[in-house]
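Reading through the structure tokens given below for one structure.
The values are calculated or read from the model by the stated rules, or taken from the named source; none is laboratory data. Values in this document were obtained by computation on a predicted structure and should not be read as measured data. All Cβ positions, even for glycine, are placed from backbone atoms using ideal geometry, and neighbour counts span all protein chains on display.
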Amino acid sequence: MSWFTDWAAYLPQMLVGLRMSLYIAFVSVVLGYPLGLVLGLTVNSKNFAARAISLAIVEIGRGAPALVILYIFYYGLPKFGISMEAVTAACVGLVWNAAAYASEIMRAGFQSVDRGQLEASNALGLSRRDTFVRIIMPQGIRSAIPGLMGLAIQMFQGTSLAFAITVPELMKAADEIGGRNFNYLETFMLAGLCYAAITLPATWITVFFEKRMKRAYA
Amino acid sequence: MNTHRLKTIGALSAAAMTVAVSITACGGPTSASNASCTPKHSGIQTVTPGKLTVGVIDIPPYSSYNSGNPTGVDISIVSKIAKDECLAVSFEQASYADAIQSIGGNSIDLAVGSIAVTATREKVVDFSASIYVESMGVTTRIGATTVAEVEKAGGKVGTVEGYNEIADLKKIFGDRLITYPSSVELKADFDNGRLVASFDAYGVSATEYKGVDGVTVALGTAKPDPRISALTRPPEDGFPLTKDNTSLKQALDDGITSQHQDGTIGKLLTGAGLTDALGNVSKTQYVSP
């Protein structure tokens, strides 16, 4: 049998896994980015407790490998009586990871806004909240968008780690098929193509947006 | 002065790194062969002449890399064969996936770690003669000894990816069945209380839960469930090796047969806390579908 014939046989199981990978990536981004925005703001808070907690969340989320976080959530927390389903644990772990990175991207975006605009807002008597919501955030988020889109692609790729905590996603589907027939090369090649089918168009969209935004700023 | 010192530290670090990388690149522990030794078979082809390179999958008590000091039933069998063939042995840590790729890519000669001989796998690699029968263990905290009893008890059950019985277990348990990358994760989740039962290789579970109160490990083949073909006709395990390496296959086959006949394999199994009945393989190798 040729690779293509084998791939046709593997594809249905792979697509079920791909759907799960997309679901986890979607949850990570949809919940992780707003949480990242909150963390990006509280990291600079004047309140020491809020600042310290946010900083700890961000630094652990960025510093610890996502796989370690997933293992802790799924295999570690039950020791303390907290037991989650594998998919829930994967979502929680990757939301944390996404939030930590997104917070830094957004913070960098906010800081890229010209300081003169802040001074102008002060001169106009705008409140701190109005200055942030009307002046800083729209421009900061705009410059953070390419980074956030890139992060979304990384999060999708990162869903492959959920395989280690028994989530039936794409990588696990490939591993199951490979374990049955020992054709690991052709199985993982197909898994790679499935990932690429999502990440390549997503990368092109990111590049397109970057170009559009450069033109808008020009 | 400081710059000079930093340069010195940098140079020493680079040298240390180079040495470390070189040592790592040389692979795992190697036992030397004897130059005056007469091999039982001549002209055995190996990846590195005079050396048998073995991928070790962690699945105690069958094989464990054990931080560079491999132990286990399979390790003892392979080491004896290598000694009889006057070959040095080099052990390298491996997983199921990379061991098979490494055999195909001629990086290692064979892999050890309770690997069932199946018709599908034989399309990719050759297998040595059968070493022992692979029997599934039924591990529970509720005293269940059969799959049917576990089925009635309800709750989630787990097994390890790549095992032959997965398809049949899936039919019985459906979404209640969770598959794990290895026995380590399966045990972690069983210990966490997520699983009512764990279906792992009997040898693995018997070792893991030896002397643990409240946990029962039953031999799946003792009261075989007719719905699981791997229990009614359990698979036999062999060493996967490079396809068409007939000289190595012959040496392995003869070595294993001889160790069956002189009782070595039986003793190794009982020494590992298992029953020597697992060593009763069929005369003509049984290849699972």
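Data overview
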| item | result |
| --- | --- |
| Subset of the range B:192-216 (residues that are out of contact with any Lys or Arg (no Cβ under 9 Å at 6 or more places or on another chain) and either under 23 Å from residue B:235 (Cα atoms) or within 14 Å of chain A (Cβ to nearest Cβ) (or both)) | B:199, B:201, B:202, B:203, B:206, B:207 |
| Scope the range A:163-181; condition more than 7 Å from every other protein chain (Cβ to nearest Cβ) and assigned to a loop (DSSP other than H, G, I, E, B); matching residues | A:167, A:168, A:169 |
| Among the candidates B:67, B:22, residue that is modelled with pLDDT under 90, of a type in the set (S, T, N, Q) and not assigned by TED's automatic domain parsing to the domain that holds residue B:105 | B:22 |
| Residues being buried (at least 21 other Cβ atoms within 10 Å of the Cβ) and modelled with pLDDT under 90 - total across the range B:184-195 | 0 |
| Failed criterion for residue B:82 (all others in (1) of a type in the set (A, V, I, L, M, F, W, C); (2) surrounded by 22 or more Cβ atoms within 10 Å (Cβ to Cβ); (3) within 14 Å of chain A (Cβ to nearest Cβ) hold) | (3) |
| Filter result (within 19 Å of the chain's Cα centre (by Cα), in contact (Cβ under 8 Å) with a residue 60 or more places away in the chain and surrounded by fewer than 18 Cβ atoms within 10 Å (Cβ to Cβ)) within the range A:42-82 | A:67 |
| Condition broken by residue B:287, with the remaining ones in (1) of a type outside the set (Asp, Glu); (2) under 30 Å from residue B:174 (Cα atoms); (3) modelled with pLDDT of 95 or more satisfied | (3) |
| Residue list for the range B:105-121, restricted to those being away from chain A (no Cβ under 11 Å) and either in a strand (DSSP E or B) or among the acidic types (Asp, Glu) (or both) | B:109, B:110, B:112 |
| Residue B:148, sole failed condition from (1) of a type in the set (A, V, I, L, M, F, W, C); (2) away from chain A (no Cβ under 14 Å); (3) in contact with a helix residue (DSSP H, G or I) (Cβ under 7 Å, 6 or more places away or on another chain) | (3) |
| Residue in the range A:87-99 that is crowded, with 20+ Cβ neighbours inside 10 Å, within 14 Å of chain B (Cβ to nearest Cβ) and under 22 Å from residue B:184 (Cβ atoms) present | yes |
